[in-house]
Structures are given as C-alpha cells and as structure tokens.
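Computed from the coordinates by the stated procedures, all read-outs in this text should not be read as laboratory data. The structure presented is a predicted model; accordingly, all values stated were derived computationally and were not measured. Note: ideal-geometry Cβ built from the backbone for every residue, glycine included; neighbour counts use all protein chains shown.
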Amino acid sequence: ALHLAQAEDGKGLDDFQKVYNAIAEKLRDEDEFDGYIGYGPNLVRLSWHVSGTFDKNDNSGGSFGGTYRFKKEADDPANKGLQNAARFLEPIAKKFPWISHGDLYTLAGVTALQEMQGPKIPWRPGRVDADEKDAPENGRLPDASKDGNYVRHYFGRFGFSDQEIVALLGAHCLGKTHLENSGYEGPWGAATNTFTNEFFVNLLNENWKLEKNDAGNEQYNSNKGYMMLPTDYGLIQDGKFKKYVEKYAKDQDAFFEDFKSAYVKLLENGIDFSKLGKAYVFKTLDEQDS
Ligand code: HEM
Ligand SMILES: Nc1c(Br)cnc2ccccc12
C-alpha cells in the first residue's frame, strides 16, 4: 500500500519557509563550490536520486523513508558526488531536528530549483524516516550509457509518459558531469546554475560528435565544449521524445509548467498525501527581501 503522509506535528508553512530560507541563504553564502557553480545542481540531483529508487510494482524505495541517510544507499556508486549535498544539509538538519530526512532532501531540491530561477514547485511534507532495512538495494538508478528506448523503459517503473520523461531530463541544464563521479566529463562551457530550457536548445542546435572520454566512456561533445550523455542524446534519436524536445526548445513556459508537474510526481511517488491540506508554495529569498 502507499505510505500515508504524516506531517511533522504542529508545523506549518512558516516553519517550512524557515527551512527553505536557511537552505537558500547557505546556497548564496557557499557560492564557490564546484568552480562557482554552487551547491544548487547537486541538491537537485540528490532530490531526484532519493526519489528515483521508487518501484511502483511493490511501492519500495522512493523519497518517503529518507533512507539515503544510511550508507547502504548513500554508498551506491550511482550516488557518487552526492556526499557534497548531504554534507551541505547536515547543519540544516541540526538546526531543524523536527524535519524528516525525506522531507529535507526533497525540500532542498525545491529550494535549489526556485533559487536558480526555476518554476515555483508546490511541495507537501509528511515523509517519515524508515529503518535501514527499508533502504532499497543499489542498482535502481539509471545507466547513462544507454539509448532512448532504455530511458522509456526505465521511467516506465514510475509510470511516467514520454512527455514527463523529456520534461524531467530538462534538469540537465544544471551543473555538470564529473569524471571522478560518473565517468563522464564536462561541460565547463555550459555548466550553469540557472534553470532554463537550454538543455533542449543545445540538444537541437549543436553538432554533436560521439567521442570516447578519458574514462573510456562514449559521450557526445560539441565544438563549443558542451556535452551530452548517451541517454540525453537518445531524446533526439527517438522520434516520440524528439517532438517534446522541440516543444520545450521553443517554449520555456511550457517546459517550466511540465517540469514542475513531473518533478512533483517524482518527489511524491508512492506516498498518499490525501489526508493533508494543500501543498505549500514557498517564496524565494528575493521575494521576501522586497
Ligand atoms: C536517464 C536518466 C538520467 C541519467 C542517466 C542521469 C545521469 C546523470 C549523470 C551521469 C550525471 C553526472 C554526475 C556527476 O558526474 O557528478 C548527472 C548529473 C545531474 N543530473 Fe542526471 N541523470 C538522469 C536524470 C536526471 C533527472 C530526472 C534529474 C532531475 C530532475 C537529474 C538532475 C541532474 C543534475 C541537476 C545533475 C548535475 C549535478 C551536479 O552538477 O553536481 N538527472 N546525471
Ligand atoms: N549540463 C549538462 C548538459 Br549541457 C548536458 N548533459 C548533462 C548531463 C548531466 C549533467 C549536466 C548536463
């Protein structure tokens, strides 16, 4: 059965906005991380990895139990590099001991996206810490060396449509690949900490060359120093995915709207929030300064 959301007792919008602000202020302070990309992209990746272990067939994995806090999950080779995001969040967890790990990991992704000028992401609390025995086994996160058919099959486990898959992968406008983490390198040129539709624009406009990188893995490189993973490139090799890539390259608002919906679905997969009130929409730091 689905996990029933149980919000942290007595906590409301103002309490969670305080957590949001603490994360957002730390993001601004620690801007030098990863060649001045900052922690934003890494936090977004953590929020996806803690949710991407979900399997709708037995409702195992997913963001509910906050089991990333156990070595069994954190040490999954697919999570290499996310120790930075986890370390970033330790003082936040200490300052707000009442928030569950699942709520913290997902709220941190929402905060990072909004502070990087992404869409407003409605967010609901209620994830409850589970035990290490509930942590999913390694191997549930995707393999970047594969093609579009693999990507469609992989996300089938979450019940995502082609449109949702393409929208979600638009998050690869953020940050970069690091050879020591995933065996893929670059792009320094296009690595960004601003949420836009440029992943789709780059996919369609650059002339991509398949090359072996220094780890011996094949990736697509462009003469402007951009890169795409084979799974990224699969979105333009597959006709059904490609039409959404073209839609989002032309219409950033449509991308923002569809990304928001798919990302909420990713973060909430496997959880029954029906007993809770409506979702919270947090103000950005800029919106609170004025
Ligand atoms: C087919 C599915 C996917 C594959 C194979 C994939 C693979 C990867 C790989 C290999 C990296 C580089 C990690 C590193 O070397 O540090 C990466 C980074 C990243 N991924 Fe994905 N990813 C997928 C889906 C997603 C989704 C659904 C999201 C979010 C909604 C996402 C967000 C990110 C972000 C923000 C980064 C940059 C992290 C950083 O700069 O530290 N990815 N991804
Ligand atoms: N910035 C990226 C581009 Br541009 C293309 N692909 C990626 C895959 C993972 C992380 C970042 C990127």
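Taking the square roots of 5 times each eigenvalue of the Cα gyration tensor of region 148-254, largest first, gives ellipsoid semi-axes of 21, 16, 13 Å. Mean residue ellipticity at 222 nm, helices only, the chain: -13500 deg cm²/dmol; runs of at least 4 DSSP H residues each add -39,500 (n - 2.57), and the sum is divided by the number of residues. Using alpha carbons only, the radius of gyration of region 1-102 set against its Kirkwood radius gives Rg/Rh = 0.98. With the highest mean first, a sort of the peptides 139-148, 109-118, 274-283 on other beta-carbon atoms found within 10 angstrom per residue produces 109-118, 139-148, 274-283. Kirkwood hydrodynamic radius of region 20-158, from the reciprocal of the average inverse Cα-Cα distance over all distinct pairs: 15.6 Å. Residues H3, H49, arranged from fewest to most other Cβ atoms within 10 angstrom of their Cβ, appear as H3, H49. Short-range pairs are left out: with C-alpha atoms under 8 Å and at least six residues apart, the relative contact order of the chain is 26 percent.
Restricted to Cα atoms, the chain shows a radius of gyration and a Dmax of 18.1, 55 angstrom. In terms of the mean number of neighbouring beta-carbon atoms within 10 Å, the peptides 94-107, 11-24 order highest first as 94-107, 11-24. Taking a ≥ b ≥ c as the square roots of the eigenvalues of the alpha-carbon gyration tensor, region 35-75 is classed prolate because a/c is 1.5 or more and a/b outweighs b/c.
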